[in-house]
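In what follows, a structure is listed as structure tokens, so that the remarks can point back to it.
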Amino acid sequence: MDRFAGTAPETPSAASPTRVTTAAKPERRLGSRVEASSERSPWETRYAGVAVGLSVVIGAALRLRWLGEPMRYDEAATFQKYALGSVGHIVGTYDRPNNQVFYSLLTHFSLGIFGHAVWVVRAVAFAAGVALVPVAYLVAARIHDRLVGLWAAALVATAAPLIDYSVNGRGYTLGALLVLLALWLGAGLLERQTLARWRGFVVCCVLAVWTIPTMAIGVAIVAVWMALQRVDRQMLVRLAIALGVAGLLSLLLYSAALGQSGWDAVTPLGRNWNDVTGLIDDIAENWTRAAPHPLDWLLGVAFVGSLFVERRLAIATGIVLLAVIAFGPIAPFVRSWLFLLPFFLIQASVGLAYVSRRAGVVAPLVAAVVLGICVVGEGLRSADVPPISDNDIVGLLKKYARPHEHILIDRYTAAPTHYYYYERYGDPGVETHFIRSTDRENRHIVVVVPRGTSPVETVAKAGGAAAGRARLLDRREWIDFYDVPLRSDAG
């Protein structure tokens, strides 16, 4: 069935075996309990492609807005410890979860071609983040209808967490994209099975897990959703075989890194009620952080309302997540569950499309513009991992370092400075990790901290004590430089 046509499959009429009739047939969508009318709005029929293109432009523009922001802790570590290494080092090392192997490989090759600029470190995440917009449309249009797809594209384009991780050199948007592609191919297999589609489905599942192991949860959701579509036994057998092949290939790709310390580096979340609900609250707050009240509530209402129209994707997600909670391990970080956000937005789009059917493409486009403006106003300040350094950090260190004095850098700011900026611009040789006797003799030290962090506390943690109030020397968007008087008798 052509999921982008406005008619049902052609069927021969009784009067003429070669003639087809399509005029009044409804179009059935995968997993949908409600059949969309073939009498579509001219806006929806003629300009759906234009609307998707505008959503992609909005999504790309929002991501470009922050593509050059200063480096963060984890992306800088991924750059220095893995992406700069050899191919053998990347595929054979899993001493920390920072090595999201498939992402590190793609970044390795992009660094070799384009250099080490900030935007190059994030190029793969950026490309995957932009690609999420049209893929969300394709998925929602295939399993529901075109208007649901337009809403999904608009919401994915303007979702603040997806924008954040499109400009963060990690593999989260790439993993989410691969899981979403697996869902699109899975929906296609329910329409018509071909060897090419099965191969593509397996490849997407394998690469998603090779990017981040927890993407196996997303693959499981896709598989359960497919099984809920009332498929026959033959289809279930083929699905099981495809998942088995994907699992074996994933083990093969990880074989050189199995047993290394990275697999146990993160302590799983506890299974008690408070820990689980706390994580859910953090995820919900992060997902809606850039949507002003009551738009955040409207999105929640749309999600709940969609369950009365079509709920198989939500049911599949719930089944898998309950299994994870029951049998674990549970990833404790908000970012680890980012791949669920496109699923949530597609589900909410069902409810939004239901109530905005008469408006056609106008409603999702207006929503994309409004939400985009809200994201620009919010910025990255409330992101779960905002930048903590400055692109001019090396020059600033040289500027404020007095002769024979060191500069103390807060440990969170020091990480991207060491992993990325020193690697690219050279170590100025002025940094200290703890207060030394020579620093006390000079009676002053320059302290670099993230905005809002106390320089006096940073000095205390480094083994010194302030003799008075800190004096602000320079204020950048994400970091501050202070002059702190030191007590010579401290320590």
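Going residue by residue through region 164-173, is there one that turns out to be out of contact with any strand residue (DSSP E or B) (no Cβ under 9 Å at 6 or more places or on another chain) and among the acidic types (Asp, Glu)?
Yes, region 164-173 contains at least one residue that is out of contact with any strand residue (DSSP E or B) (no Cβ under 9 Å at 6 or more places or on another chain) and among the acidic types (Asp, Glu).
List every residue pair whose Cβ atoms sit under 8 Å apart, with the two residues 6 or more apart in sequence or on different chains, where the first one lies in region 304-315 and is assigned by TED's automatic domain parsing to the domain that holds Val179 and under 11 Å from Gly351 (Cβ atoms) and the second, anywhere, is charged (D, E, K, R) and outside any helix (DSSP H, G or I).
If the second residue must be charged (D, E, K, R) and outside any helix (DSSP H, G or I), the pairs left are Val309/Arg33; Glu310/Arg33.
Do we have Val447 as in a strand (DSSP E or B), closer than 29 Å to Ser382 by Cβ and touching a residue at least 40 places away in the same chain (Cβ under 8 Å) here?
yes
Taking region 466-486 as the search range and keeping residues that are in contact with a strand residue (DSSP E or B) (Cβ under 7 Å, 6 or more places away or on another chain) and part of a loop (DSSP other than H, G, I, E, B), which one is surrounded by the most Cβ atoms within 10 Å (Cβ to Cβ)?
Top of the filtered list is Trp478.
Is it true that Val320 is out of contact with any Ser or Thr (no Cβ under 7 Å at 6 or more places or on another chain), of a type in the set (A, V, I, L, M) and at pLDDT below 95?
Taking the combined requirement at face value, the residue does not satisfy it.
Let me spell it out: the conditions are (1) out of contact with any helix residue (DSSP H, G or I) (no Cβ under 7 Å at 6 or more places or on another chain); (2) modelled with pLDDT under 95; (3) assigned to a helix (DSSP H, G or I); (4) of a type outside the set (Gly, Ala, Ser), and Leu64 meets all of them except one. Which number is the exception?
In the conditions (1) out of contact with any helix residue (DSSP H, G or I) (no Cβ under 7 Å at 6 or more places or on another chain); (2) modelled with pLDDT under 95; (3) assigned to a helix (DSSP H, G or I); (4) of a type outside the set (Gly, Ala, Ser), Leu64 misses (2) alone.
Which is over 28 Å from Asn98 (Cα atoms), surrounded by 24 or more Cβ atoms within 10 Å (Cβ to Cβ), among the small types (Gly, Ala, Ser) and touching a Phe, Trp or Tyr at 6+ places or on another chain (Cβ under 6 Å), of Ala153, Ala176?
Ala153
Can you spot a residue in region 313-320 that is in contact with a helix residue (DSSP H, G or I) (Cβ under 8 Å, 6 or more places away or on another chain), buried (at least 16 other Cβ atoms within 10 Å of the Cβ), in a helix (DSSP H, G or I) and polar (S, T, N, Q)?
Yes, because at least one residue in region 313-320 is in contact with a helix residue (DSSP H, G or I) (Cβ under 8 Å, 6 or more places away or on another chain), buried (at least 16 other Cβ atoms within 10 Å of the Cβ), in a helix (DSSP H, G or I) and polar (S, T, N, Q).
Residue-wise test of (1) closer than 22 Å to Val219 by Cα; (2) crowded, with 16+ Cβ neighbours inside 10 Å; (3) assigned by TED's automatic domain parsing to the domain that holds Met215.
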residue	(1), (2), (3)
Asn274	no, no, yes
Asp282	no, no, yes
Pro294	no, no, yes
Ala302	no, yes, yes
Phe333	yes, yes, yes
Ser336	yes, yes, yes
Leu341	yes, yes, yes
Ile346	yes, yes, yes
Val370	no, no, yes
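When you look at Thr267, is it among the β-branched types (Val, Ile, Thr), loosely packed, with under 14 Cβ neighbours inside 10 Å and at pLDDT below 95, yes or no?
Judged against the criteria, Thr267 is a match.
Taking the condition of being out of contact with any helix residue (DSSP H, G or I) (no Cβ under 6 Å at 6 or more places or on another chain), of a type outside the set (Lys, Arg) and under 19 Å from Arg436 (Cβ atoms), how many residues in region 454-478 meet it?
Residues flagged as out of contact with any helix residue (DSSP H, G or I) (no Cβ under 6 Å at 6 or more places or on another chain), of a type outside the set (Lys, Arg) and under 19 Å from Arg436 (Cβ atoms) within region 454-478 amount to 11.
Which one of these does Ala290 not meet: (1) of a type outside the set (D, E, K, R); (2) more than 19 Å from the chain's Cα centre (by Cα); (3) at pLDDT below 95?
So Ala290 meets the others, but not (2).
The values are calculated or read from the model by the stated rules, or taken from the named source; none is laboratory data. What you are looking at is a predicted structure, and each value in this text was computed from that prediction instead of being measured. With ideal geometry, Cβ positions are generated from the backbone for all residues, glycine too; neighbour counts draw on all protein chains shown.
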